[in-house]
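The values are calculated or read from the model by the stated rules, or taken from the named source; none is laboratory data. As the structure is a computational prediction, the values presented were derived from the model and not from experiment. Cβ sites come from the backbone with ideal geometry, for glycine too, and all protein chains shown count toward neighbours. The area values use the complete protein model at the heavy-atom level, side chains included, leaving out ligands, DNA and RNA. Shrake-Rupley method; radii C 1.70, N 1.55, O 1.52, S 1.80 Å.
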Amino acid sequence: MLGNLNTRVMLEYLPDIWQGFLATLMLSAAGFAGAMIIGIVACALSIQPLRWLRGPAVVYVDAIRATPLLAQLYFLYFGLPRLGILVPEMVIGVIALSLNSGAYVAEIIRSGILSIPRGQVEAGKSTGMTYLQRMRLIILPQAIRPTVSPLIGQAIVLIKDSSLLSLISVVELTRAGQMIAIDRFMPIEGLVATALAYLVLYYLLKLLAGVWVYQNRLPGRA
Amino acid sequence: MIEFSSLNKWFGALHVLSDISLSVAKGEVVVVCGPSGSGKSTLIRCVNGLEPFQKGKLIVDGTELGGSEASLRDLRMEVGFVFQQFNLYPHKTALENVTLAPVHVRKLSKAAAEERGRALLEKVGLADKMENYPHQLSGGQQQRVAIARSLAMQPKIMLFDEPTSALDPEMINEVLDVMVSLANEGMTMMVVTHEMGFARKVADRVMFMDRGAIVEIAAPETFFTTPKNDRTRDFLSKVLQH
Amino acid sequence: MFWMQLDRVMGYWPVLLKGISMTVSLSILSLMIGVMLGFAFGMIRAGRNRMLAQIVGLYVDFFRGTPFLLQVFIVFFILPEIGIELSAFASGVVALSNVAACFIGEIVASGIKAVPLGQSEAAASSGFTRVQQMRHIVLPQAVRIVTPALVGQFVLLIKDSSVVSAIGLLDLTRSGWVIVQSVPNGLLVFGIIGFSYFVICYPLIYLSRRMERRGQATIL
């Protein structure tokens, strides 16, 4: 299959793939930034004892987790104009990515916080720290460590998910590959080049996660 | 029954067993002791083919180790092994733990295996725990199930790797009692342990290992009263104080 | 206005029903194939043959590292080029069960590696063959360890199945797309679509969480 790959066509379309690659990078970066903000807020709300604060956060997380991104994307794509909100497809895409990944980010941070032994909270309380002081000085510094790897994992998911934006005609990497496939009847060349571009990002982030885990081994653990 | 000749083993550059030569006769009970890292566990794991070695020869029950998978399996059917951490199968009841190998390895009928299993569990004093899962049993009870599991294969040789080291003090004796009665029945045994009382009572020979080598081996009376080597004396003074 | 539109959407219930049954049948079929293939991958990945493990690892990485939409296109466009003609449904099942197998394989491998070495040593010392050790001792314990993650994976599979609408299969998502063309209220139509997914997926999410919690309780 790879034997009769037309590398000339792949080179010819390299600039298009490159543009698509950059677009995917930017969409993903914007989406991830949004997801972090939404995720932190949703997580902060979901660990509150007050039901009217916790409730909406829990419903949001569950609703996102139980429905596909594509349905969420169409919900916004066909729904926002109805509310009189007319924005470019690209913006809709970034909003959808942020809302979707935000729910997973919230869960990741939450489990990071819950992984801290109760004794840590009690030690903080017993020395007279306030809630915010305990969060800032004791809980968060310890909670961040176990979340970094899963957050990088979520970034990988988000980059792959961003390919769905091609279905609402945002031009990014998958769309670029698809155009080569359809315009030139060269599906193998277009799709393989696109896949390789995604794999570059995948391996880079996987490597990053591995290095981080290696450098942040807890003392005393091999 | 067990014949080591100039056996050597390395973990990378580390020489974990050096020039081990030892012969264990049928019906003999040999207790192996020594500080941690002395190679005693590695030594008896070799007997059951759980550890490969690089140089020398080891013949167990007429079979030379280092041959084919199949010959190793045949050998293992005749050699029972009891682990420090019990290694009971957590998803099986006590009785199932005991019958699993007889059914699948010895190809015994289920009924015959269960009959044998029940008898063995009764023998180790667990008649009322047959249907319990390992996590419902105390450490001492788990180790007795593990011994019954090994005996169910009707082995000619039993190997014990620190069988009481993971137990709370009050449970050690219930396990040692089972081992004593096994020794009295004439089982060939190699036992890695620091239980010197057990060694005095049933061992035919006691062996002291350090840094991968056999330092001293003697009948218990001689071993405990007039040890020849300084390192043995030093070790005994530490162990016997407890 | 709203009630009129709701009424019109409800008039499309046969389309909706068709979509739901497509999503469910795609997911269940792919789950069954994916689990079987995934267990094979997992046993190879955790197995002794390093060479084979690495080859499967590379294959698995390819499908874990690329978007599922792209994989659907690859199956749909590239397989015909090498002489394999598949219907859209078969293409969907191939793509879905393949990606599921890749993720399940890594889960199973981690489960196998989580079973303590002493377990297979104990089995080996009573004369079990390698295959018997795997079948009677290691795999049953690994399955218990990974079941919550497998249920979670099934949820991902159901959600991923929405992507095959891109090659024209009328699944639940596609049925929303069809309905919204004649009832131009995206919030309502995809609200209903989303609710349908929620009804299918949420029980599984709940189940997976409960199993995880129960698993932790028995470990502690």
* For residues that are within 14 Å of another protein chain (Cβ to nearest Cβ), touching a helix residue (DSSP H, G or I) at 6+ places or on another chain (Cβ under 8 Å) and aliphatic (A, V, I, L, M), tally how many sit in region C:34-73. => 4
* Asked: Right, A:Ile38: touching a residue at least 60 places away in the same chain (Cβ under 8 Å) and closer than 28 Å to A:Leu173 by Cα or not?
  -> yes
* Selection within region A:150-175 - within 14 Å of chain C (Cβ to nearest Cβ), open to solvent by 10 Å² or more (accessible area, probe 1.4 Å) and within 30 Å of A:Arg217 (Cα to Cα) -> A:Pro150, A:Ile152, A:Gly153, A:Gln154, A:Ala155, A:Ile156, A:Val157, A:Ile159, A:Lys160
* Asked: Can you name every residue in region A:52-67 that is of a type outside the set (Val, Ile, Thr) and under 20 Å from C:Tyr202 (Cβ atoms)?
  -> A:Arg54, A:Gly55, A:Pro56, A:Ala57, A:Tyr60, A:Asp62, A:Ala63, A:Arg65, A:Ala66
* **Hits in region A:23-34 (condition: open to solvent by 60 Å² or more (accessible area, probe 1.4 Å) and closer than 18 Å to A:Gln178 by Cα)** => A:Leu25
* Structure fact -> Scanning region A:176-213 residue by residue, the ones that are open to solvent by 20 Å² or more (accessible area, probe 1.4 Å), closer than 28 Å to A:Val87 by Cα and more than 10 Å from chain C (Cβ to nearest Cβ) total 1
* Matching residues, region C:5-27, being within 15 Å of C:Ala90 (Cα to Cα) and surrounded by 17 or more Cβ atoms within 10 Å (Cβ to Cβ) -> C:Met22, C:Thr23, C:Leu26, C:Ser27
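For region B:92-112, enumerate the residues that are away from every other protein chain (no Cβ under 12 Å) and either open to solvent by 20 Å² or more (accessible area, probe 1.4 Å) or more than 22 Å from the chain's Cα centre (by Cα) (or both).
Scanning region B:92-112 gives B:Thr93, B:Leu108, B:Ser109, B:Lys110, B:Ala111, B:Ala112.
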* **Criterion (closer than 30 Å to B:Phe223 by Cα and within 11 Å of chain C (Cβ to nearest Cβ)) met by exactly one of B:Leu43, B:Leu72, B:Leu50** => B:Leu50
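Going by what's in this entry, would A:Leu70 be described as touching a residue at least 40 places away in the same chain (Cβ under 8 Å) and in contact with a helix residue (DSSP H, G or I) (Cβ under 7 Å, 6 or more places away or on another chain)?
Answer is yes for this residue.
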* Asked: What is the residue count in region A:81-94 for residues that are under 16 Å from A:Lys160 (Cα atoms) and within 14 Å of chain C (Cβ to nearest Cβ)?
  -> 1
* Asked: Can you tell which of B:Leu240, B:Leu176, B:Leu151 is more than 20 Å from B:Gly125 (Cα to Cα) and among the aliphatic types (A, V, I, L, M)?
  -> B:Leu240
* Structure fact -> Restricting attention to region C:168-189, the residues that are within 17 Å of C:Ser21 (Cα to Cα) and either open to solvent by less than 40 Å² (accessible area, probe 1.4 Å) or more than 10 Å from chain A (Cβ to nearest Cβ) (or both) number exactly 10
* Structure fact -> How many residues of region B:168-223 are over 16 Å from B:Val29 (Cα atoms) and small (Gly, Ala, Ser)? The answer is 2
* Could you grab me the full set of residues in region C:190-209 that are more than 7 Å from every other protein chain (Cβ to nearest Cβ) and among the hydroxyl-bearing types (Ser, Thr, Tyr)? => C:Ser196, C:Tyr206, C:Ser208
* **When residues of region A:38-80 are limited to those that are within 11 Å of another protein chain (Cβ to nearest Cβ) and in a loop (DSSP other than H, G, I, E, B), the one surrounded by the fewest Cβ atoms within 10 Å (Cβ to Cβ)** => A:Leu80
* Structure fact -> Counting only residues in region C:114-129 that are part of a helix (DSSP H, G or I), more than 7 Å from chain B (Cβ to nearest Cβ) and free of Cβ contacts under 8 Å to residues at least 24 places away in the same chain, the one least open to solvent (accessible area, probe 1.4 Å) is identified as C:Ala123
* Filter pass, C:Val138 being within 11 Å of another protein chain (Cβ to nearest Cβ) and more than 16 Å from the chain's Cα centre (by Cα) -> yes
* To do: Determine if region B:209-225 includes at least one residue that is surrounded by 11 or more Cβ atoms within 10 Å (Cβ to Cβ), among the polar types (S, T, N, Q), out of contact with any Phe, Trp or Tyr (no Cβ under 6 Å at 6 or more places or on another chain) and within 27 Å of B:Lys9 (Cα to Cα).
  => no
* Structure fact -> Flagged in region B:77-91 as at the interface with chain C (Cβ under 7 Å from one of its Cβ atoms), open to solvent by less than 30 Å² (accessible area, probe 1.4 Å) and either at negative phi or in contact (Cβ under 8 Å) with a residue 60 or more places away in the chain (or both), in numbering order, are B:Phe81, B:Phe83, B:Tyr89, B:His91
* Structure fact -> Among strands (runs of 3 or more DSSP E) entirely inside region B:1-64, those with 2 or more residues being surrounded by fewer than 17 Cβ atoms within 10 Å (Cβ to Cβ) and modelled with pLDDT of 90 or more are B:2-11, B:14-24, B:55-60
* Taking region C:168-189, which residues are touching a Gly at 6+ places or on another chain (Cβ under 7 Å) and touching a residue at least 24 places away in the same chain (Cβ under 8 Å)? -> C:Leu169, C:Leu170, C:Asp171, C:Leu172, C:Arg174, C:Ser175, C:Val189
